[in-house]
Amino acid sequence: PAQQEHLEALDALCGRLGRTPLREELPPYLRMELAVSFGSLRGAFLCAQAFIKANAGQDYGRIINIASTRWNQNEAGWEAYGASKGGLVSLTNTLAVSLSATPITVNAVSPGWIQVDGYETLSHLDHAQHPSGRVGIPRDIVNACLFLAHEENDFVNGHNLVVDGGMTKRMIYVE
């Protein structure tokens, strides 16, 4: 509250909430419940609530949730992460509809393989498997968020923008 007094306006919220470290000895169903309840989904919901309140009375607002391509495609052992990211995409869709009487748009960005460190150590095959010809970098996600946050992009609402170099469009079979 004291910090909020110094803000002239709060126009955009872009949130990336990571995995909750969970203890391996917990049963899988409990790990999933904890990840969904206390991980990215609950945190995104609470941040959205606070943003909506802080944005009240403004002419423009953007909520951008960072999900993951794992909301739709996954591997064994990633149940909790995939479920929480799927919930985040659903929350994005629902908030977009619920906030339709406000100037706030709600979208998600779902990154694929984004290499934060050691990009130069990636192999030619790492890059070649992507239809874009390369593995993603953090700037790719920043650019997507900047696009969605722009004040003139108010017709993009309830969208999950996949930023993965085309990987989710490619059928991959083990040979």
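The values are calculated or read from the model by the stated rules, or taken from the named source; none is laboratory data. All of these numbers come straight from a predicted model, not from anything done at the bench. A quick note on method: Cβ atoms are made from the backbone with ideal geometry, for glycine too, and the neighbour counts reach across all protein chains shown. Surface accessibility is based on the protein's heavy atoms, side chains included, excluding ligands, DNA and RNA. Shrake-Rupley method; radii C 1.70, N 1.55, O 1.52, S 1.80 Å.
Taking the criterion of being modelled with pLDDT of 60 or more and either of a type in the set (S, T, Y) or in contact with a Leu (Cβ under 8 Å, 6 or more places away or on another chain) (or both), the residues of the stretch 19-49 that qualify are G39, S40, L41, G43, A44, F45, C47, A48. Of all residues in the stretch 98-130, those that are surrounded by 12 or more Cβ atoms within 10 Å (Cβ to Cβ) and assigned to a loop (DSSP other than H, G, I, E, B) total 10.
Please find, among I52, I64, the residue that is buried (at least 20 other Cβ atoms within 10 Å of the Cβ), closer than 16 Å to D11 by Cα and not basic (K, R).
Details: I52 fails: buried (at least 20 other Cβ atoms within 10 Å of the Cβ).
Sole residue among the options that is buried (at least 20 other Cβ atoms within 10 Å of the Cβ), closer than 16 Å to D11 by Cα and not basic (K, R): I64.
Do we have A76 as crowded, with 16+ Cβ neighbours inside 10 Å and not hydroxyl-bearing (S, T, Y) here? So A76 fails the test. When the stretch 131-168 is filtered for residues that are assigned to a loop (DSSP other than H, G, I, E, B), acidic (D, E) and either open to solvent by 30 Å² or more (accessible area, probe 1.4 Å) or at positive phi (or both), the ones remaining, listed by number, are E151, E152, D154.
Please work out if G82 is surrounded by fewer than 19 Cβ atoms within 10 Å (Cβ to Cβ), touching a residue at least 12 places away in the same chain (Cβ under 8 Å) and within 14 Å of the chain's Cα centre (by Cα).
Numbers: surrounded by fewer than 19 Cβ atoms within 10 Å (Cβ to Cβ): no; touching a residue at least 12 places away in the same chain (Cβ under 8 Å): yes; within 14 Å of the chain's Cα centre (by Cα): yes.
No; evaluated as a whole, the condition is false for this residue.
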